[in-house]
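All of the numbers you see were taken from the coordinates with simple rules; none came from a lab. Keep in mind that this is a model prediction, so the values were computed, not measured. Please note: Cβ atoms are built from the backbone with ideal geometry, for glycine as well, and neighbour counts cover all protein chains shown.
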Amino acid sequence: MARVDSLHGHTPPSRRSLPRRVATLSVHTSPLDQPGTGDAGGMNVYIVEVAERLARAGVEVEIFTRATTSELPPQVEMAPGVLVRHVIAGPFEGLAKEDLPAQLCAFTGGVLRAEAARPSGWYDLVHSHYWLSGQVGWLAKDRWGVPLVHTAHTLAKVKNQLLADGDKPEPIARVIGEEQVVAAADGLVANTPAEAEELIDLYSAEPRKVSVVPPGVDLERFAPRPHRKRAAREHFGLPADAHVVAFAGRIQPLKAPDILLRAAAELYARDPKLLVVICGGPSGSGLDRPTALMDLARDLGIADIVRFLPPQSRESLAELFRAADLVAVPSYNESFGLVAIEAQACGTPVVAASVGGLVTAVRDGVSGMLVDTHRPADWAAVLGPLLAEPARRAALSLGAVRHAREFSWAHTASGLLAAYRDALEYHRQAVAA
């Protein structure tokens, strides 16, 4: 079975067993990018939060990411002990994520050159994020003779089982690439027990390589501040008496914001105070029709009750969650669902699809509600009564705050340190065999 790390029960690895320096690979998106648009999302937040905490624990982190503009300096100190390196691989702009496999050789060359300029044995471990980075990490592992730890964030085989209508399946090249990385890695980090089982069942991962380390939430930034609700609504221009349902995330079929709009169209006839806020920018296959969601709102006759916001800073996102009565996460799949935890930490109940990591991120009937289907009528049947019952929302709000407190980035960093320790030991044994 996969090793499941308790949220509160990590045994801190001894200082001697920890890596001194970790090369973190994030090929397709930079930790410096604004989450919520393009390919930037929860993974960006994850890398930033974890890197800072690993550095505080005495582990230096160097993050390699693809340069997307000539104005970027070769390296940026993101925080003490955390360096972001911009690797030139392909044109700076206009290169879709789907085109990046052709640039992996160039990216790998940049990573290897950076290491070659350092004293021998500079990096003790490679941690790759997403399958593209895993391909680079696989080669770096072999070249440097160090262990590879990989976090998939999403898995092609799982996504292809849960496609939105009309969405494009992940290509076979990605499936094969993921299988190769899973086989090559010394450690695999899953966000939830469900993801760990997917790695084992769908990708034949060795169970002893798999660790379950849930993502966290910044409990200082995302915190309940009931006295801020009116001010938060004023900040976003939302009526004080509106019934506000918010969606935050990248605008693409996988995230299913259209389900929320279709449910809202059914609800509006009996709830004239309904207001939907969509926060985010087009991404993935959503780039093919960047105005599709606005067009849908108009076609459904609800354009007047839908507000579209661009991606927000972390502080503004917390304010948006406080301004909302409910946050909807109707995705077809999520490896975890960071938005759900962040909203609950602000005291806002979440209505989420009962898929993937959302089953862990939301406690059904305690911190929010899980919906078993993607039929708009079913979503309307859950959202409508909750908006009409303030007392029930208040009870869920208390449960949401308690549930979110079980997650923190400190716990995530502690779990990763344990996974690093295990990967180092696994690698040592493999070399000695």
Taking every alpha carbon pair in the range 87-186, what does the distance histogram look like in 10 angstrom bins from 0, in percent?
15, 42, 31, 10, 2, 0
Report relative contact order for the chain in percent, whole number only (criteria: Cα-Cα under 8 Å, sequence separation at least 6).
19
Quick check: the angle from helix 314-323's long axis to the longest principal axis of the chain, C-alpha only, nearest 10 degrees?
30
When DSSP assigns beta bridges and you keep just the ones with both residues in the chain, what percent turn out antiparallel, to the nearest 5?
10
Given the -39500 (n - 2.57) contribution per DSSP H run of 4+ residues, what per-residue ellipticity at 222 nm results for the chain, rounded to the nearest 500 deg cm²/dmol?
-12500 deg cm²/dmol
At 25 °C and 0.890 mPa s, the Stokes-Einstein diffusion coefficient in µm²/s for the chain, with hydrodynamic radius from the Kirkwood sum on alpha carbon pairs, is 111
Counting only Cα atoms, I'd like the Rg/Rh figure for the range 127-280, Kirkwood definition for Rh.
1.11
Give, in nm to one decimal, the length gained when the segment between Glu425 and Asp372 is fully stretched (0.36 nm per residue of separation minus the Cα-Cα distance).
15.0 nm
Those trypsin sites (Lys or Arg not before Pro) in the range 187-248 that DSSP places in a loop and that have at most 16 other beta carbons within 10 Å
Arg221
With a cap of 12 neighbouring Cβ atoms within 10 Å, and only residues DSSP puts in a loop, list the chymotrypsin sites (Phe, Trp or Tyr not before Pro) found in the range 20-93.
none
Report the longest stretch of the chain that contains none of the GluC sites (Glu not before Pro) sitting in a DSSP loop with at most 11 other Cβ atoms within 10 Å.
221-433
What is the P(r) of the range 285-372, as percent of Cα-Cα pairs per 5 Å bin from 0?
3, 13, 20, 18, 21, 18, 6, 0
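Restricting everything to alpha-carbon atoms, can you work out Rg to Rh for the range 347-433 with a Kirkwood hydrodynamic radius?
Here the Rg-to-Rh quotient is 1.25.
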